[in-house]
Amino acid sequence: LKSCATTPPLPPSSLSPPLPRAMKKGKAKAKAGGKKAPKEEKEVAAEGEDWLGEASDDEDRIVDSDEDSDAATGVADEGSEEEDDDGGDEVDDDGEAGALAVRDDDDDGGEVRHKSKVLSRVISGEQPADLSAIKQRIHDAAALLSNWRKAKQLGDKRTREEVLSGLVGDCSTYFGYSEELAEYFLRMFAPEQAIQFFEANEKSRPLTIRTNSLKARRQSLMQSLTARKVQVDPIGAWTKVGLKVYESAVPVGATPEYLGGQYMIQSASSFVPVMALAPQMNETVLDMAAAPGGKTTYIGQLMKNTGTLFANDLRKERCKALVANVHRMGLTNVIVTCMDGKKLGGMLPRLDRVLLDAPCSGSGIIARDPSVKVKRGTKDFEETSRLQKELLNTAIDMVDANSKTGGYIVYSTCSVSVEENEAVVEHALKTRSVELVSFSSAVNFGVEGMTKFRESRFHPSMSMCRRYYPHVHNMDGFFVAKFKKTSNTIPERTKKDRSKGTDHIQVWGEEHWTPDMMETVVDFPPPGSSAAPADGKRLNKKERKKIKRAAQLAARAAAAISSATGEAAASSSAAAVASKPDEPEEEPQPPAKAAAKKKVLKKRKAPAATVAEPEGAEGSPEAQKAEAGKKRKLVKKKKASGGDAAAPASSEGGKKKRRKVA
């Protein structure tokens, strides 16, 4: 636990009355030490009228959301040591537990510096500090923005941006936030909810502990702590191991039950990621950012000391506290590693489940670390987001999608910014074969994740994620998402996000207007024609498939018709050839009868021949035979009539008969 120097009282010329930060922190320290805070300090803490100085440079660090066993409660764990150069919690030399206090001054006890311009003017005396008037303006502006239609009725001629900018300045002055961060939260929440969020961050979260089911039961632990004058109650129905500490006559981090490993000091919001992960017995699990061991020991507790649990952390100093807590809680299936999480991919076997409680900006734990009010901004959110994306992709790659019981990844942060939460989850959905799944069966409360924020639009399944706010759930701000890995293969082509900007649109500029292109004649289909273009680019995929299918069916029908006609012709010719040799031969007849029969056949066939002969067939042998027969008939008629005068008349009569027949 960190023993911090309190802020020296401000000079009389700065504020009237002076409101040092140490008043509120003194109350928390008295609670942890078993002493009640004076009445005056309670009133000051309830009003929330306190100021925050700029943190020293050595405190500028990325907050690890698993620093809950120490930083959340201000109680020192056995053997836990935090880095001094990165602003971590320090352990008192005498081992006495104290409440978490924020170092508002520099190491050399210099004056407090503020990043808020408005707040600096108030501190220096350039601007009068009428806090009651500022608070009233804040509530009036929030009510006006929440119901903007009444602004004209009230006679307010200001624009919405003017009202919002004034609200940003007032919130920065009253609550001690930088103007950039105050504006971010006011645009993220509704104005009234943002004010509730600011006010909730001014109140300390309740002290919570987690029962170690490997060594004790919650009911027996409650009895033991009650005998030591520690007032505890269950946190809620959603957890079976959590206890809330109301008042203690002894240091909670120095009881025999604590030293014996019967409970762990841990914030309530840190229970949720482990409950969402739901580790099973005999599995292989990894906690990528494990120190100081709050979530790691909870995972081992749920696994009942079976299987293998890898606990990794980047910093060697933090691993000392991790090892100490693992031994104190009685876990025997833990392997502690001190490596960069981005390089764990090729060093560990295939895993069933991975918990990534990623390092973040700490915008959800402002009540525990008020220096975030002036240290963090939108630029910090974006920079931290890059590291979180790399760690999450590494965690997904280490999980076995074919695991019979697992294949799950849980991503959590102690931040409420969208850049560190929904944006990171959206990136994982696009670059890896994963999908979001619900964990409402394990944790049935929380606010749904955002599917849209300002100009950003996220996947609809983002509603399966859960957000936890201090003004809604009375716990640290947290974000939890659970993935299910569907395949071990990494997609070669990631899905492009074309919802932002017009960078994906290709413009055909003048640099492409070459002489060859300008002289080329382009043929366009006539207007109204339904013919598709030759390249088929204007048609979508379904239409191109329909056209292709129709062409295939037409080709098949044409082939079937041609084959059918060919088979019919072949069969008819074969039948004609086969019928000729099968005709019976005529019996030989006498020459006279044969000649008479031939004449009769000629008479019968001659008209048919004339009828059947088409035009232009005069040169054929059949036509020549018919003409010769006609001539012979005419000669016989002339001989029979005996005169040449009757020949023309008979020939004309024959023509008339032939015409009638034709």
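The values are calculated or read from the model by the stated rules, or taken from the named source; none is laboratory data. Keep in mind that what you see is a predicted model, and the values were worked out from it rather than measured. So basically every Cβ, Gly included, is an ideal-geometry build from the backbone, and we count neighbours across all protein chains shown. To get the accessible areas, we keep the full protein, side chains included, count just its heavy atoms, and leave off ligands, DNA and RNA. Shrake-Rupley method; radii C 1.70, N 1.55, O 1.52, S 1.80 Å.
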Rounded if a/c under 1.5, otherwise prolate or oblate - region 361-407, Cα gyration tensor axes: oblate
Residues with amide H under 5 Å of Thr413's amide H, sequence separation 5 or more or different chain, H placed in the peptide plane at 1.01 Å from N; which? Phe479
Quick query: amide H of Val336 versus all other amide H atoms, modeled in the peptide plane; which residues come in under 5 Å with a sequence gap of 5 or more or a different chain? Ala311
Listed here are the pairs Lys389/Lys430; Lys135/Lys203; Lys404/Lys430; Lys430/Lys484; Lys157/Lys373; which of them are more than 22 Å apart at the Cα? Lys404/Lys430; Lys157/Lys373
Each residue of region 154-165 in order: what ³J(HN,Hα) in whole Hz does its phi give by Karplus 6.51 cos²θ - 1.76 cosθ + 1.60, θ = phi - 60°, with x for Gly and Pro? 7, x, 7, 9, 6, 7, 5, 5, 5, 5, 5, 5
Working with all protein chains in place, sort Met222, Met517 by solvent-accessible area computed with a 1.4 Å probe, largest first. Met517, Met222
Please report, to one decimal in angstroms, the Kirkwood hydrodynamic radius of region 123-206 built from all distinct Cα-Cα pairs. 13.5 Å
Taking the Cα centre as origin and putting +1 on Lys and Arg beta-carbons and -1 on Asp and Glu beta-carbons, what dipole magnitude results for region 327-466, to the nearest 20 debye? 160 debye
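If you place +1 on the Cβ of every Lys and Arg and -1 on the Cβ of every Asp and Glu, how big does the dipole about the Cα centre of region 350-409 come out, in debye to the nearest 20?
It works out to roughly 200 debye.
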